[in-house]
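Every read-out reported here was derived from the displayed coordinates using simple, explicitly stated rules and does not represent laboratory data. All values reported here derive from a predicted model rather than from experimental measurement. We place every Cβ from the backbone using ideal geometry, glycine too, and count neighbours over all the protein chains shown.
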Amino acid sequence: MITRRLCFVLLSLLMASPTWAQSTVAIVPGCPTEADGSLSLLQWQRVVWGWFLWASGSVDQVLVSGNAVANPYGEAETMAAGLRALGMPDRDILVEPQALHTDENIAYALRMLPADAKVVVASHRLQAPGGCEMVRAWSTRECTTSILDFSLVMPRIRAGLPTVRGQVQEGWVPLAERERRIAEQLGVPRRPSSLVVYARGSLMRMVGKSVPPTLLPPIQ
């Protein structure tokens, strides 16, 4: 009887261990820094919202996604620096540095996450719902839309934020040339305008035929 009880207790402890728990990750898509590499207001809004979700226990980790798109400063790395400046530990920050567009934010992020992770797409109202639609279309994961709450974010921003500035990405080239090179490397047609991509993507999701963008190999 003692042995059975002991086994039951040990099994209960194992099942309660964080290793067994299903994690929840917030995907926070990037957007451009200021011209000098400092976090822009839009970036700070998303960073503070991601931090708030983490600090409140709503998510276990925050994944920031984005290459250096509009200027030579990497969006994901700079936003990750903002999260660290707010007190988030590195173990809870995931960085996806390859995406150039919202659909790529989602596709590259999904490739990084554990298969059983629950997903929250955390961003502005015009972006978060569509991001979650992509998650559901391209995976079997649960996804929750988390629309940025300005009533919580802006008071924190107005209270003052640390100075955060990203580093210049070596070998940076403008977006149009990068997209040409990527299409050539992958052997696929060059990406149409985002307006065309997202309109077509919405229609394809409606009929259950949406496919994610072709991705570059992971950075080693």
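When the stretch 176-203 is examined, which residues are found to be in contact (Cβ under 8 Å) with a residue 12 or more places away in the chain and either loosely packed, with under 14 Cβ neighbours inside 10 Å or of a type in the set (S, T, N, Q) (or both)? Hits for the stretch 176-203 are Gln185, Leu186, Val188, Ser194, Ser202.
Yes or no: the stretch 71-89 includes at least one residue that is polar (S, T, N, Q), touching a residue at least 12 places away in the same chain (Cβ under 8 Å) and part of a loop (DSSP other than H, G, I, E, B).
yes
Of all residues in the stretch 126-138, those being outside any helix (DSSP H, G or I) and within 15 Å of the chain's Cα centre (by Cα) number 1.
Is it fair to say Val28 is outside any helix (DSSP H, G or I), in contact (Cβ under 8 Å) with a residue 40 or more places away in the chain and surrounded by 24 or more Cβ atoms within 10 Å (Cβ to Cβ)?
Working: outside any helix (DSSP H, G or I): yes; in contact (Cβ under 8 Å) with a residue 40 or more places away in the chain: yes; surrounded by 24 or more Cβ atoms within 10 Å (Cβ to Cβ): yes.
Yes, satisfied.
Go through the stretch 168-217 and give me each residue that's assigned to a helix (DSSP H, G or I) and either among the aromatic types (Phe, Trp, Tyr) or on the phi > 0 side of the Ramachandran plot (or both). Let's see the steps before the verdict.
In the first step, residues of the stretch 168-217 are kept if they are assigned to a helix (DSSP H, G or I); the result is 175-186, 194-206.
Hit for the stretch 168-217 is Tyr198, nothing else.
Taken over the stretch 146-175, residues that are closer than 14 Å to Trp51 by Cα and among the hydroxyl-bearing types (Ser, Thr, Tyr) amount to 1.
Of the residues screened, Ala107 is one that is in contact with a Phe, Trp or Tyr (Cβ under 7 Å, 6 or more places away or on another chain), not in a strand (DSSP E or B) and not β-branched (Val, Ile, Thr). Residues in the stretch 137-170 that are free of Cβ contacts under 8 Å to residues at least 60 places away in the same chain, surrounded by 15 or more Cβ atoms within 10 Å (Cβ to Cβ) and among the basic types (Lys, Arg): Arg141 only.
Which ones in the stretch 90-104 are of a type outside the set (A, V, I, L, M, F, W, C) and either buried (at least 20 other Cβ atoms within 10 Å of the Cβ) or not in a helix (DSSP H, G or I) (or both)?
Initially, the stretch 90-104 is screened for residues of a type outside the set (A, V, I, L, M, F, W, C), giving 90-92, 96-98, 101-104.
Those that are of a type outside the set (A, V, I, L, M, F, W, C) and either buried (at least 20 other Cβ atoms within 10 Å of the Cβ) or not in a helix (DSSP H, G or I) (or both): Glu96, Pro97, Gln98, His101, Thr102, Asp103, Glu104.
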